[in-house]
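Novice: Encoded as structure tokens, here's the structure I'll be asking about.
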Amino acid sequence: MRKTGGDVDEFVAGVKPAKRQRDAVAMIELLREVTGREPELWGTIIGFGACHYRSPAGTEGDAPIAAFAPRRESTTLYTLRTAAHGDRLARLGPHETGVSCLYLKDLDAVDADVLREIVADDYRRVLTGDTGDTAYTVTE
């Protein structure tokens, strides 16, 4: 994955439906607050910071440290491992999960403090190298 250098505000202005656009603005503020970094476009993903990863199987690449994508059906928050947040997910509110994705259909329906905890925990794990079998090296 690579940064595309697009204008984040312009991208968000084109997000549909309006509810997803509103959620994208809120997610940018939340991730900016937690990471202390500015958003950058990685295709259709809005990322904060950058790292290089290498899995035990040898797969490697570049990715944002913290990221989300405003998709039509839901806001997708990318996590290290959703299973690591079991207790938090139980308190979060309505959501769906994938192995490393958290799908939020309505940001207003979830507990913002719990969401902040999830983002902060994953961000800290990448910065400290506490990421399990996959190694992450912060590059920006």
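Novice: Condition test on residue 96, is it among the charged types (D, E, K, R), touching a residue at least 12 places away in the same chain (Cβ under 8 Å), buried (at least 19 other Cβ atoms within 10 Å of the Cβ) and touching a strand residue (DSSP E or B) at 6+ places or on another chain (Cβ under 8 Å)?
Specialist: So residue 96 does not fit the description; no.
Novice: Something else about it: Please go through the range 77-88 and give me each residue that is without any contact (Cβ under 8 Å) to a residue 24 or more places away in the chain and under 19 Å from residue 30 (Cα atoms), ordered by number.
Specialist: 82 - this is the single residue of the range 77-88 that is without any contact (Cβ under 8 Å) to a residue 24 or more places away in the chain and under 19 Å from residue 30 (Cα atoms).
Novice: Which pairs have Cβ atoms under 8 Å, sit 6 or more apart or on different chains, and link a residue in the range 1-13 that is closer than 26 Å to residue 61 by Cα to one that is surrounded by fewer than 12 Cβ atoms within 10 Å (Cβ to Cβ) and among the small types (Gly, Ala, Ser)?
Specialist: Listed by first residue and then by second, the contacts come to 1/61.
Novice: What number of residues within the range 125-139 satisfy the criterion of being part of a helix (DSSP H, G or I) and either among the polar types (S, T, N, Q) or loosely packed, with under 12 Cβ neighbours inside 10 Å (or both)?
Specialist: Number of matching residues: 1.
Novice: Six or more apart or on different chains, Cβ atoms under 9 Å: show the pairs whose first residue is in the range 34-50 and at positive phi and without any contact (Cβ under 8 Å) to a residue 60 or more places away in the chain and whose second is of a type in the set (Gly, Ala, Ser) and in a strand (DSSP E or B).
Specialist: 43/69
Quick note: the coordinates plus some simple rules give every number you see, no bench work behind them. What you are looking at is a predicted structure, and each value in this text was computed from that prediction instead of being measured. Neighbour counts run over all protein chains shown; Cβ positions are idealised from the backbone, glycine included.
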